[in-house]
Structure formats: C-alpha cells, structure tokens
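Visitor: Next up is a structure, given as structure tokens.
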Amino acid sequence: MQTDSPFNRLATTPAEAVTLEIDGQPFIAREGDSVAAALLAAGAVPSRTTPVSASPRAPYCMMGVCFECLVEVDGLANVQGCMVQVIEGMKVRCQSGARELTEGDFHEAV
Ligand code: FES
C-alpha cells in the first residue's frame, strides 16, 4: 500500500524497513515509526470515524493527547497509534464507528 501521501519524510539516517498491513494492504514503514506515522506516510487517512457522527479523523498531536489516532492493532481495538511502534508483520485496521466489545474486553475492565 504505497500511496500518495501529503506528508514527506525529512532526510534522516537510514532505518530498517518494517512491513506491516494497513487494512489488508502491505506497507513498508521504517523501524522506529509509530503506527500513526506509518498511517500518515501511507496516506491512510482518515484512520477512523467517530462513533456518534461518523466524522472522519486522523492522527493529530502525535504525542498521546488527542486520541484521534485510535486504530485496531493486531486485533486489539482503540489503540493509540501514536504511542505504539510498528513491528514486522503487524496488522493495523482503521476503525469505523464504535468498536465492538468482546468477552476479553469485559474481563480486562473488571
Ligand atoms: S495522535 Fe493524538 S493521541 Fe495519538
């Protein structure tokens, strides 16, 4: 999934390539990238829609404050993409609306 993105990377030291999946499409990120940075680099925006109005959202603050970067990572929903680094083989899915709670979510919250 190499797409046209409005974001350009700064010239930095080379980094290892990390292959992940974004909504089922392969994408090459850089080691050390956050999931949110990979989403922006891939042009995978909006990366979620809100549960009530379905308005589109994308990573914004990139430092764990705004929660606009919520995505599903390896089957776990509502992960702050800016707070998680990409790893080889990671599967990222954009979220639409409210997440579905699973039995595991209930036990984690209790
Ligand atoms: S981009 Fe703001 S919390 Fe992740």
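The values are calculated or read from the model by the stated rules, or taken from the named source; none is laboratory data. Note that the structure is a prediction, hence the values are computed from the model and not measured. Cβ coordinates were reconstructed from backbone atoms using ideal geometry, including for glycine residues, and neighbour counts include every protein chain displayed. With ligands, DNA and RNA removed, areas are computed over all heavy atoms of the protein, side chains included. Shrake-Rupley method; radii C 1.70, N 1.55, O 1.52, S 1.80 Å.
Visitor: In the stretch 59-81, is there at least one residue being away from the ligand (no atom under 16 Å from the Cβ) and touching a residue at least 40 places away in the same chain (Cβ under 8 Å)?
Guide: Among the residues of the stretch 59-81, not one is away from the ligand (no atom under 16 Å from the Cβ) and touching a residue at least 40 places away in the same chain (Cβ under 8 Å), which makes the answer no.
Visitor: Something else: Can you tell me which residue in the stretch 45-77 is surrounded by the most Cβ atoms within 10 Å (Cβ to Cβ), limited to those that are under 11 Å from the mean Cα position of the chain (by Cα) and over 19 Å from Pro6 (Cα atoms)?
Guide: Checked the stretch 45-77; the qualifying residue surrounded by the most Cβ atoms within 10 Å (Cβ to Cβ) is Val71.
Visitor: Buried (at least 17 other Cβ atoms within 10 Å of the Cβ) and at pLDDT 95 or above: is that true of Val84 in this structure?
Guide: yes
Visitor: Among the numbered criteria (1) surrounded by 14 or more Cβ atoms within 10 Å (Cβ to Cβ); (2) touching a helix residue (DSSP H, G or I) at 6+ places or on another chain (Cβ under 9 Å); (3) in contact (Cβ under 8 Å) with a residue 40 or more places away in the chain, which single criterion is violated by Gln95?
Guide: Among (1) surrounded by 14 or more Cβ atoms within 10 Å (Cβ to Cβ); (2) touching a helix residue (DSSP H, G or I) at 6+ places or on another chain (Cβ under 9 Å); (3) in contact (Cβ under 8 Å) with a residue 40 or more places away in the chain, the lone unmet condition for Gln95 is (2).
Visitor: Take the residues of the stretch 82-91 that are β-branched (Val, Ile, Thr) and out of contact with any Asp or Glu (no Cβ under 7 Å at 6 or more places or on another chain): which is farthest from the ligand (Cβ to nearest atom)?
Guide: Ile87
Visitor: Working only within the stretch 25-44, note down all residues that are open to solvent by less than 10 Å² (accessible area, probe 1.4 Å) and in contact with a helix residue (DSSP H, G or I) (Cβ under 9 Å, 6 or more places away or on another chain).
Guide: Phe27, Ala29, Val35, Ala36, Ala38, Leu39
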